[in-house]
Amino acid sequence: MSNPLITLGKLGQSPWYDFITRDLVQSGKLRRLIEHDGLLGMTSNPTIFEKAISTSDLYDEDIRRLTAEGKPAAEVFESIAVADVQSACDVFLPVYERTHGVDGVVSLEVSPTRGRDTVATIAEAERLWKRVARPNVMIKIPGTAEGLEAITRCLAGGINVNVTLLFSVARYAQVIEACFRGIARQLDRVDLA
(Lines give C-alpha, C1' and ligand atoms only; values in the text may rest on other atoms or scores of the structure.)
Protein backbone atom coordinates (compact mmCIF):
# COMPACT_ATOMS: atom_id res chain seq x y z
CA MET A 1 0.00 0.00 0.00
CA SER A 2 1.44 3.38 -0.99
CA ASN A 3 1.90 6.25 1.41
CA PRO A 4 -1.21 8.49 1.23
CA LEU A 5 0.89 11.66 1.57
CA ILE A 6 2.99 10.68 -1.45
CA THR A 7 -0.22 9.90 -3.34
CA LEU A 8 -1.55 13.36 -2.44
CA GLY A 9 1.63 14.93 -3.81
CA LYS A 10 1.28 13.00 -7.06
CA LEU A 11 -2.29 14.28 -7.35
CA GLY A 12 -1.10 17.87 -7.11
CA GLN A 13 -1.79 18.48 -3.42
CA SER A 14 1.02 19.70 -1.20
CA PRO A 15 0.99 18.09 2.26
CA TRP A 16 2.25 20.57 4.84
CA TYR A 17 3.15 19.98 8.46
CA ASP A 18 1.37 22.41 10.78
CA PHE A 19 4.07 22.20 13.43
CA ILE A 20 7.72 23.04 13.97
CA THR A 21 10.19 22.21 16.72
CA ARG A 22 13.93 22.45 16.94
CA ASP A 23 14.10 18.75 17.73
CA LEU A 24 12.18 17.89 14.55
CA VAL A 25 14.90 19.56 12.49
CA GLN A 26 17.96 18.60 14.54
CA SER A 27 17.00 14.94 14.90
CA GLY A 28 16.68 14.46 11.14
CA LYS A 29 12.99 13.60 11.44
CA LEU A 30 11.99 16.53 9.22
CA ARG A 31 14.35 15.34 6.49
CA ARG A 32 12.89 11.83 6.77
CA LEU A 33 9.33 13.18 6.53
CA ILE A 34 10.33 15.00 3.35
CA GLU A 35 12.26 12.13 1.78
CA HIS A 36 10.06 9.19 2.79
CA ASP A 37 6.60 10.62 3.46
CA GLY A 38 6.30 13.28 0.77
CA LEU A 39 6.09 16.28 3.09
CA LEU A 40 6.23 19.38 0.88
CA GLY A 41 5.91 22.34 3.23
CA MET A 42 5.59 23.56 6.79
CA THR A 43 3.77 26.30 8.63
CA SER A 44 4.18 27.87 12.02
CA ASN A 45 2.40 30.33 14.25
CA PRO A 46 2.90 31.74 17.76
CA THR A 47 0.86 28.95 19.38
CA ILE A 48 2.96 26.27 17.67
CA PHE A 49 6.16 27.95 18.88
CA GLU A 50 4.78 28.34 22.42
CA LYS A 51 4.13 24.61 22.57
CA ALA A 52 7.54 23.78 21.07
CA ILE A 53 9.41 26.05 23.49
CA SER A 54 7.46 25.01 26.59
CA THR A 55 7.91 21.28 25.98
CA SER A 56 11.62 21.19 25.15
CA ASP A 57 14.84 22.17 26.84
CA LEU A 58 16.51 22.77 23.46
CA TYR A 59 15.53 26.45 23.69
CA ASP A 60 16.77 27.09 27.23
CA GLU A 61 20.30 28.18 26.29
CA ASP A 62 19.02 30.67 23.70
CA ILE A 63 16.45 32.04 26.13
CA ARG A 64 19.10 32.52 28.84
CA ARG A 65 21.58 34.13 26.43
CA LEU A 66 19.08 36.51 24.82
CA THR A 67 17.58 37.46 28.18
CA ALA A 68 21.07 38.14 29.56
CA GLU A 69 21.63 40.44 26.56
CA GLY A 70 18.63 42.45 27.76
CA LYS A 71 16.28 41.41 24.97
CA PRO A 72 12.58 41.79 25.77
CA ALA A 73 10.38 38.70 25.60
CA ALA A 74 9.06 39.54 22.12
CA GLU A 75 12.59 39.74 20.71
CA VAL A 76 13.57 36.50 22.43
CA PHE A 77 10.57 34.79 20.88
CA GLU A 78 11.25 36.21 17.43
CA SER A 79 14.91 35.21 17.53
CA ILE A 80 13.97 31.63 18.38
CA ALA A 81 11.23 31.52 15.75
CA VAL A 82 13.46 32.94 13.04
CA ALA A 83 16.26 30.49 13.83
CA ASP A 84 13.90 27.51 13.68
CA VAL A 85 12.29 28.69 10.45
CA GLN A 86 15.71 29.25 8.88
CA SER A 87 16.74 25.71 9.82
CA ALA A 88 13.53 24.25 8.41
CA CYS A 89 13.91 26.31 5.22
CA ASP A 90 17.40 24.90 4.78
CA VAL A 91 16.08 21.33 5.05
CA PHE A 92 13.27 22.09 2.57
CA LEU A 93 15.55 23.92 0.09
CA PRO A 94 16.15 20.87 -2.18
CA VAL A 95 12.37 20.47 -2.54
CA TYR A 96 12.02 24.18 -3.31
CA GLU A 97 14.74 23.98 -5.96
CA ARG A 98 13.46 20.70 -7.47
CA THR A 99 9.90 22.10 -7.80
CA HIS A 100 11.05 25.55 -8.98
CA GLY A 101 9.49 27.22 -5.95
CA VAL A 102 6.12 25.50 -6.07
CA ASP A 103 6.82 23.50 -2.89
CA GLY A 104 9.44 23.34 -0.17
CA VAL A 105 8.38 26.46 1.71
CA VAL A 106 8.09 27.26 5.41
CA SER A 107 5.87 30.03 6.73
CA LEU A 108 6.42 32.43 9.60
CA GLU A 109 3.53 34.54 10.85
CA VAL A 110 3.40 38.27 11.33
CA SER A 111 2.23 38.91 14.87
CA PRO A 112 -1.57 38.59 15.03
CA THR A 113 -1.55 41.81 17.08
CA ARG A 114 -0.71 43.62 13.82
CA GLY A 115 -3.75 42.18 12.01
CA ARG A 116 -5.74 45.43 12.13
CA ASP A 117 -2.83 47.70 11.14
CA THR A 118 -1.82 47.67 7.48
CA VAL A 119 1.36 49.72 7.92
CA ALA A 120 2.59 47.68 10.90
CA THR A 121 1.83 44.41 9.10
CA ILE A 122 3.83 45.49 6.05
CA ALA A 123 6.74 46.68 8.19
CA GLU A 124 6.86 43.44 10.17
CA ALA A 125 6.52 41.29 7.05
CA GLU A 126 9.40 43.13 5.39
CA ARG A 127 11.53 42.85 8.50
CA LEU A 128 10.85 39.12 8.95
CA TRP A 129 11.49 38.47 5.24
CA LYS A 130 14.90 40.15 5.50
CA ARG A 131 15.72 38.54 8.82
CA VAL A 132 14.94 34.97 7.74
CA ALA A 133 16.75 35.62 4.45
CA ARG A 134 15.74 32.38 2.75
CA PRO A 135 14.10 32.21 -0.70
CA ASN A 136 11.68 29.55 0.53
CA VAL A 137 10.19 31.37 3.48
CA MET A 138 6.62 32.62 3.29
CA ILE A 139 5.45 35.41 5.54
CA LYS A 140 2.00 34.63 6.89
CA ILE A 141 -0.29 37.67 6.90
CA PRO A 142 -3.77 37.82 8.49
CA GLY A 143 -6.57 37.95 5.92
CA THR A 144 -8.25 40.86 7.67
CA ALA A 145 -9.59 43.88 5.79
CA GLU A 146 -6.42 45.73 6.80
CA GLY A 147 -4.31 42.78 5.70
CA LEU A 148 -5.52 42.98 2.09
CA GLU A 149 -3.32 45.95 1.16
CA ALA A 150 -0.44 44.41 3.11
CA ILE A 151 -0.79 41.23 1.04
CA THR A 152 -0.76 43.24 -2.19
CA ARG A 153 2.22 45.40 -1.21
CA CYS A 154 4.29 42.52 0.13
CA LEU A 155 3.74 40.41 -2.99
CA ALA A 156 4.55 43.44 -5.14
CA GLY A 157 7.79 43.80 -3.20
CA GLY A 158 8.80 40.19 -3.88
CA ILE A 159 7.88 38.73 -0.49
CA ASN A 160 6.36 35.24 -0.55
CA VAL A 161 3.01 35.45 1.26
CA ASN A 162 0.83 32.89 3.02
CA VAL A 163 -2.57 34.14 4.21
CA THR A 164 -4.14 33.09 7.49
CA LEU A 165 -7.36 33.85 9.39
CA LEU A 166 -9.79 33.52 6.49
CA PHE A 167 -13.31 32.99 7.77
CA SER A 168 -15.61 33.72 4.82
CA VAL A 169 -15.88 33.06 1.12
CA ALA A 170 -16.25 36.80 0.52
CA ARG A 171 -12.95 37.55 2.26
CA TYR A 172 -11.30 34.67 0.40
CA ALA A 173 -12.33 36.33 -2.89
CA GLN A 174 -10.88 39.65 -1.66
CA VAL A 175 -7.61 37.91 -0.78
CA ILE A 176 -7.42 36.40 -4.27
CA GLU A 177 -7.85 39.86 -5.78
CA ALA A 178 -5.21 41.29 -3.42
CA CYS A 179 -2.83 38.51 -4.49
CA PHE A 180 -3.49 39.14 -8.19
CA ARG A 181 -2.83 42.87 -7.73
CA GLY A 182 0.41 42.19 -5.88
CA ILE A 183 1.68 39.69 -8.42
CA ALA A 184 0.79 42.03 -11.31
CA ARG A 185 2.69 44.88 -9.63
CA GLN A 186 5.67 42.62 -9.01
CA LEU A 187 5.70 41.52 -12.66
CA ASP A 188 5.49 45.18 -13.79
CA ARG A 189 8.39 46.05 -11.48
CA VAL A 190 10.49 43.12 -12.75
CA ASP A 191 9.71 43.97 -16.40
CA LEU A 192 10.88 47.55 -15.83
CA ALA A 193 14.17 46.45 -14.28
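General observations
- Choice from V119, V132, V25 with maximal GNM fluctuation in the chain (Cα, 10 Å cutoff): V119
- Simple Cβ-charge dipole of region 56-193, Lys/Arg +1 and Asp/Glu -1, about Cα centre, in debye nearest 20: 400
- Evaluated on the chain, the Kirkwood hydrodynamic radius is 17.6 Å, with distances taken between all distinct Cα atoms.
- Simple point charges give the picture: +1 on the Cβ of Lys and Arg, -1 on the Cβ of Asp and Glu, and for region 1-86 a dipole about the Cα centre of about 320 debye.
- Ranking of Y17, Y172, Y96, Y59 by solvent-accessible surface, largest first: Y172, Y17, Y96, Y59 (1.4 Å probe, protein heavy atoms only, all chains present).
- The residue list A88, T118, V102 was ranked by how far each Cα lies along the charge dipole of region 74-145 toward its positive end, using unit charges on Cβ atoms, and T118 comes out on top.
- The share of accessible area on region 12-90 that comes from carbon and sulfur is 49 percent, using a 1.4 angstrom probe.
- Report note on the peptides 89-95, 27-33, 6-12, 176-182: ranked by the mean count of other C-beta atoms within 10 Å, highest first, their order is 89-95, 176-182, 27-33, 6-12.
- Average Cα contact separation per residue, region 1-84, under 8 Å, 6 or more apart, as relative contact order %: 30
- Phi angles of region 57-71 translate, via the Karplus equation with coefficients 6.51, -1.76, 1.60 and θ = phi - 60°, into HN-Hα couplings of 8, 5, 9, 4, 4, 5, 4, 4, 5, 5, 5, 5, 6, x, 6 Hz per residue; Gly and Pro are given as x.
- Summed residue charge, Cβ within 12 Å of E78's Cβ, Lys/Arg positive, Asp/Glu negative: -2
- Under 5 Å between amide hydrogens, built in the peptide plane, is the criterion, and for V163 it picks out I141 among residues at least 5 positions away or on other chains.
- Spatially close Lys pairs in the chain, defined by Cα atoms under 28 Å apart and a spacing of eight or more places or different chains, total 11.
- Where W129, W16 fall by accessible area, highest first, once all protein chains stay in place (1.4 Å): W16, W129
- Solvent-accessible area per residue for the chain (1.4 angstrom probe, square angstrom): 55
The values are calculated or read from the model by the stated rules, or taken from the named source; none is laboratory data. Being a predicted model, the structure only gives us computed values, none of them experimental. Here the Cβ is made from the backbone with ideal geometry for all residues, glycine too, and neighbour counts use every protein chain on show. Heavy atoms of the whole protein, side chains included, go into the accessibility calculation; ligands, DNA and RNA do not. Shrake-Rupley method; radii C 1.70, N 1.55, O 1.52, S 1.80 Å.
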